[in-house]
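First up is the structure itself, then whatever we jot down about it.
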Amino acid sequence: MNKNILLRCSECEKEYSFSAYSCKCNNGVLLLEYDFMQIQSINELEDSSEFGIWRFSKMLPPVKKYFPFGEGGTPCIKSRVLGPKNNISLFNKRFVRIKCRDKDLE
């Protein structure tokens, strides 16, 4: 477990490891806390060999196995209409159209 991350109960403020799902007081929820002041470099948080959300797996609770669905890494494209029209630099996420039973989903 990353020493800069912990779970804390919102009610009794007891600290837990990532293996916990709920607080024993049963009144609060476990909130994830990061101590960003102790982090020296983004390299402490990032795993550049991974892709998408798993690139930041060091900041997530540990899992034994995960099944990526190709999420993350969607490119941003510079707007050719709205940005210049509003005199701003604007980037949009790439438009994706999905076919589902002969219907287009946008």
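I'd like the full set of residues that are in contact (Cβ under 8 Å) with a residue 12 or more places away in the chain and over 14 Å from residue 5 (Cα atoms), limited to the range 25-45.
Across the range 25-45, the qualifying residues are 25, 27, 28, 29.
Taking the range 39-67, which residues are surrounded by 10 or more Cβ atoms within 10 Å (Cβ to Cβ) and not in a loop (DSSP other than H, G, I, E, B)?
Matches in the range 39-67: 43, 44, 52, 53, 54, 55, 56, 57, 58, 59.
Residues in the range 4-29 that are more than 14 Å from residue 60 (Cβ to Cβ) and assigned to a strand (DSSP E or B): how many?
Here the count works out to 4.
List pairs: first residue in the range 52-65 and on the phi < 0 side of the Ramachandran plot, second residue part of a helix (DSSP H, G or I) anywhere in the structure, Cβ distance under 9 angstrom, at least six positions apart or on different chains.
These pairs meet every condition: 58/44; 60/53; 60/54; 63/57.
Which one is farthest from residue 34 (Cα to Cα), of the residues in the range 54-83 that are hydrophobic (A, V, I, L, M, F, W, C) and modelled with pLDDT of 80 or more?
The selected residue is 81.
The values are calculated or read from the model by the stated rules, or taken from the named source; none is laboratory data. None of the values given here were measured: they were computed from a predicted structure. Because the Cβ atoms are built from the backbone with ideal geometry, glycine has one as well, and the counts that use them run over all protein chains shown.
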